[in-house]
Amino acid sequence: MNMSNEQQQTRARIYKPSEEMVKNAAVSGMEGYLALCKEAEDNYEGFWARHARELVEWKKPFTQVLDESDAPFFKWFADGQLNVSYNCLDRNVNNGLGDKVAIIFEADSGEVTRVTYKDLLVRVSRFANALRGMGVKKGDRVVIYLPMSIEGVVAMQACARIGATHSIVFGGFSAQALRDRINDAGAVALITSDGQHRGGKALPLKPIADEALAMGGCESIRNVIVVKRTGAEVAMDKGRDQWFDDVCATQSETCEPEWVDAEHPLFLLYTSGSTGKPKGVQHSTGGYLLHAIMSMKYTFDIKPDDVFWCTADIGWVTGHTFITYGPLACGTTEIVFEGVPTYPDAGRFWKMIQDHKVTVFYTAPTAIRSLIKAADNNPAVHPKKYDLSSLRILGSVGEPINPAAWEWYYENVGASRCPIVDTFWQTETGAHMITPMPGATPLVPGSCTLPFPGIQAAVVDETGTELPNGQGGILVVKRPWPSMIRAVWGDPERYKKSYYPDDFKGQLYLAGDGAIRDKDTGYFTITGRIDDVLNVSGHRMGTMEIESALVAHEKVAEAAVVGRPDDVTGEAVVAFVVLKGERPTGEQAKAVIKELQNWVGHEIGPIAKPKDIRFGENLPKTRSGKIMRRLLRQLAKGEEITQDTSTLENPAILDQLGQPLS
Ligand code: PRX
């Protein structure tokens with residue numbers, strides 16, 4: 001696990017926070033950061049409890065903090081009761097923020113809608129009442145398959161309000177993926193829309209939902225609620241399907257929240273693991289909300305006048321924590337954006353920052369890299385062409401940010417005055433784990449720097465022994481923290497095996513990433529996943545999921561999928577395929593490649609489509625039949641195979657598989 005040359009070369013460059021930032025930030029200077037760390041070290045539970053009391057409003061205050069009696073199934077604030085929607089909406093309205101804008105929604109078309117906290121509370125209450133009226137109750141699962149929209153946030157908040165556990169399925173996922181998630185969660189209701197607008201096009205959503213529901217295995221769904229977005233004509237099943245506006249129209253504007261225990265599951269979010277099907281990551285109510293708020297306060301230094309914009313989709317955890325929950329719980333004005341960064345042109349993000357005077361901007365390295373390319377090709381969409389002077393903090397998330405992209409972001413978007421917080425975290429961690437504090441941490445491009453106060457991250461070897469700085473190893477977290485995953489839905493064994501494996505005696509949380517700490521500063525650099533999980537444009541995908549999709553195609557006998565570094569998307573999917581018939585070549589091969597790419601798009605979603613597909617008469621296997629993925633990774637990168645291949649059953653196929661066609 002060595003650092004790349006690029007990373008090493010820029011290690012010496014350090015960016016210190018400005019005096020003004022140090023003076024005004026919630027975490028002021030390294031003294032401020034270290035004081036928080038020390039508070040947590042001296043009294044771990046006391047540290048989190050203090051924040052939980054200060055930042056969350058409890059219906060019934062907790063008396064217990066961390067319960068480790070059933071480790072690794074941890075509980076936080078277990079005897080406390082609260083409601084997340086109350087904390088995000090009523091609390092702000094009660095505190096005089098009713099007329100403050102909560103959401104500035106910008107549609108794909110550019111149309112802007114503003115929703116105040118008071119309006120949002122009414123919308124959420126109405127829909128929450130409607131759900132209750134349909135018999136949806138505390139603990140029921142509700143699947144949400146919606147595009148970026150005000151209704152998406154309303155639907156999530158409404159579930160939280162009545163204690164229903166939501167599970168969002170990203171609007172780019174296929175019918176099959178939707179069906180599998182509904183089935184695994186045993187959801188009673190599905191909230192979707194007629195379609196979605198993306199890049200000037202209207203795309204269908206309800207027809208995909210109908211396809212999913214018709215597949216079988218979704219019998220638990222009693223109600224389908226459809227938001228009208230594109231106006232496309234859609235089939236409505238009488239007795240099952242209803243329009244969102246219709247079900248809300250007759251409802252009361254107030255809705256008594258369901259007070260739930262802190263450990264009540266707020267949501268499930270399916271994410272890819274190294275084996276088998278995606279797992280339903282289950283999050284709690286109290287601990288999750290706490291760390292969502294803390295991340296807003298400390299990492300983004302959120303202030304009452306900020307305009308916050310997280311560009312993620314609500315279908316991913318970043319959208320949960322930094323669109324639906326964190327900003328609203330802090331009474332922030334935030335942007336919700338329906339479109340894509342390149343429509344009507346690649347200056348869209350910069351124009352929106354300018355128009356809405358965004359102060360804190362949070363996006364993914366893949367977006368930055370694609371916008372660098374676009375600005376290189378067309379100076380008119382260069383960020384310097386826009387007035388971005390409102391910005392004060394920039395954020396990055398989802399994958400490692402390469403130092404060159406970091407520097408560009410810093411200089412061109414942040415005008416060399418805005419700190420970049422490179423936030424490392426995961427679906428499972430709920431909120432930030434390793435990240436700079438903007439008014440404290442000197443920044444080093446490519447490093448997510450130091451753990452969030454209270455988070456005990458470490459780099460260990462295969463036995464769980466902590467490694468000295470400068471030595472790459474496995475990233476772990478030594479103590480449970482409030483916003484951590486509580487369970488893999490319906491599969492406690494998988495939770496234990498994935499996150500608290502026996503190799504570490506069940507004592508350490510295994511993130512699934514490699515990391516190295518700098519010799520001098522102790523700063524963390526994430527070196528990438530250590531399992532068979534790929535990260536394409538910041539989207540997590542299991543190689544096995546894509547392999548399963550490929551072998552489900554009638555022409556495919558066998559498939560192996562690996563990742564390859566990609567300039568824009570971080571990683572790209574490369575598939576090695578053995579067909580049932582003859583190995584195709586030339587035009588015929590190209591046609592099959594197209595067919596298989598579309599097939600994977602249909603089975604999982606367009607984000608999983610292999611960029612490159614290679615055909616062989618076989619895959620490189622050891623004599624015992626194990627696929628040699630190490631070799632496939634080298635072939636995918638176009639590297640020459642120098643190592644000993646004598647254990648291979650049939651070394652000649654390496655030549656076949658080394659030929660890219662697509
Ligand atoms: O590999 C790490 C990478 O994204 C994974 C988590 O993906 P997901 O659960 O989809 O959540 C993404 C958004 C929180 C991690 O295991 N990752 C995320 N952030 C960073 C990162 N890698 C390096 N640097 C980051 N800042």
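The values are calculated or read from the model by the stated rules, or taken from the named source; none is laboratory data. Bear in mind the structure is a predicted one, so any value in this text is a computation, not a measurement. Cβ sites come from the backbone with ideal geometry, for glycine too, and all protein chains shown count toward neighbours. Heads up: the accessible areas ignore ligands, DNA and RNA and are worked out on the full protein's heavy atoms, side chains in. Shrake-Rupley method; radii C 1.70, N 1.55, O 1.52, S 1.80 Å.
Points worth noting:
- Selection of the stretch 496-515 for residues being open to solvent by less than 20 Å² (accessible area, probe 1.4 Å) and within 15 Å of the ligand (Cβ to nearest atom) yields 499, 509, 511, 512, 513, 514, 515.
- Of the numbered criteria (1) open to solvent by 40 Å² or more (accessible area, probe 1.4 Å); (2) within 17 Å of residue 143 (Cα to Cα), the one residue 241 fails is (1).
- Complete set of residues in the stretch 392-435 that are assigned to a loop (DSSP other than H, G, I, E, B), among the hydrophobic types (A, V, I, L, M, F, W, C) and within 12 Å of the ligand (Cβ to nearest atom): 401, 425, 431, 433
- Among the residues examined, residue 482 qualifies as more than 15 Å from the ligand (Cβ to nearest atom) and either within 19 Å of the chain's Cα centre (by Cα) or touching a residue at least 12 places away in the same chain (Cβ under 8 Å) (or both).
To keep it simple, each residue is scored yes or no on (1) modelled with pLDDT of 90 or more; (2) closer than 30 Å to residue 204 by Cβ.
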residue: 566; (1), (2): yes, yes
residue: 588; (1), (2): yes, no
residue: 601; (1), (2): yes, yes
residue: 622; (1), (2): no, no
residue: 641; (1), (2): no, no
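- Condition check for residue 438 on (1) in a loop (DSSP other than H, G, I, E, B); (2) away from the ligand (no atom under 14 Å from the Cβ); (3) in contact (Cβ under 8 Å) with a residue 60 or more places away in the chain; (4) open to solvent by 10 Å² or more (accessible area, probe 1.4 Å): one failure, at (4).
- Scanning the stretch 477-501 for residues that are within 17 Å of residue 274 (Cα to Cα) and out of contact with any helix residue (DSSP H, G or I) (no Cβ under 6 Å at 6 or more places or on another chain) yields a count of 12.
- Out of 302, 314, 323, 335, one residue alone is of a type in the set (A, V, I, L, M, F, W, C) and assigned to a helix (DSSP H, G or I). It is 323.
- Within the stretch 627-655, considering residues that are touching a Ser or Thr at 6+ places or on another chain (Cβ under 9 Å) and under 16 Å from residue 573 (Cα atoms), the one least open to solvent (accessible area, probe 1.4 Å): 631
- Looking only at residues in the stretch 548-561 that are part of a helix (DSSP H, G or I) and more than 19 Å from residue 633 (Cα to Cα), the one that is farthest from the ligand (Cβ to nearest atom) is 551.
- Evaluating residue 618 against the criteria (1) in contact (Cβ under 8 Å) with a residue 24 or more places away in the chain; (2) open to solvent by less than 60 Å² (accessible area, probe 1.4 Å); (3) not in a loop (DSSP other than H, G, I, E, B) leaves one unmet condition, (3).
- Elements of type helices (runs of 4 or more DSSP H) contained in the stretch 2-52, each with 1 or more residues being open to solvent by 70 Å² or more (accessible area, probe 1.4 Å) and at pLDDT below 95: 5-9
- For the stretch 643-662, filtering for residues that are among the charged types (D, E, K, R) and at pLDDT 85 or above leaves 1.
- Some residue of the stretch 476-488 being modelled with pLDDT of 95 or more and more than 28 Å from residue 296 (Cβ to Cβ): no
- Some residue of the stretch 47-57 being aliphatic (A, V, I, L, M), closer than 22 Å to residue 476 by Cα and touching a residue at least 24 places away in the same chain (Cβ under 8 Å): no
- Of the residues contained in the stretch 309-319, one or more are found to be in contact with a Leu (Cβ under 8 Å, 6 or more places away or on another chain) and surrounded by 23 or more Cβ atoms within 10 Å (Cβ to Cβ).
- The stretch 370-383: number of residues that are open to solvent by less than 20 Å² (accessible area, probe 1.4 Å) and more than 23 Å from residue 112 (Cβ to Cβ): 1
- Looking across the stretch 267-308 at every residue that is within 23 Å of residue 453 (Cβ to Cβ) and aliphatic (A, V, I, L, M), the one that is most open to solvent (accessible area, probe 1.4 Å) is identified as 302.
- Tallying residues that are under 23 Å from residue 176 (Cβ atoms) and surrounded by fewer than 18 Cβ atoms within 10 Å (Cβ to Cβ) within the stretch 568-590 yields 1.
- Strands (runs of 3 or more DSSP E) wholly inside the stretch 105-204 that include at least 3 residues being open to solvent by 10 Å² or more (accessible area, probe 1.4 Å) and in contact with a helix residue (DSSP H, G or I) (Cβ under 9 Å, 6 or more places away or on another chain): 112-116
- In the stretch 516-525, residue nearest to the ligand (Cβ to nearest atom) [restricted to those that are surrounded by fewer than 20 Cβ atoms within 10 Å (Cβ to Cβ) and touching a residue at least 60 places away in the same chain (Cβ under 8 Å)]: 518
- Of all residue pairs spaced 6 or more apart or on separate chains, those with beta-carbon atoms under 8 Å, a first member in the stretch 486-505 that is polar (S, T, N, Q) and a second member that is in a loop (DSSP other than H, G, I, E, B) and open to solvent by less than 20 Å² (accessible area, probe 1.4 Å) are 498/273.
- In the stretch 527-547, residue nearest to the ligand (Cβ to nearest atom) [restricted to those that are open to solvent by less than 40 Å² (accessible area, probe 1.4 Å) and assigned to a loop (DSSP other than H, G, I, E, B)]: 538
- Qualifying residue in the stretch 449-458 (condition: more than 9 Å from the ligand (Cβ to nearest atom), under 25 Å from residue 541 (Cα atoms) and open to solvent by 20 Å² or more (accessible area, probe 1.4 Å)): no
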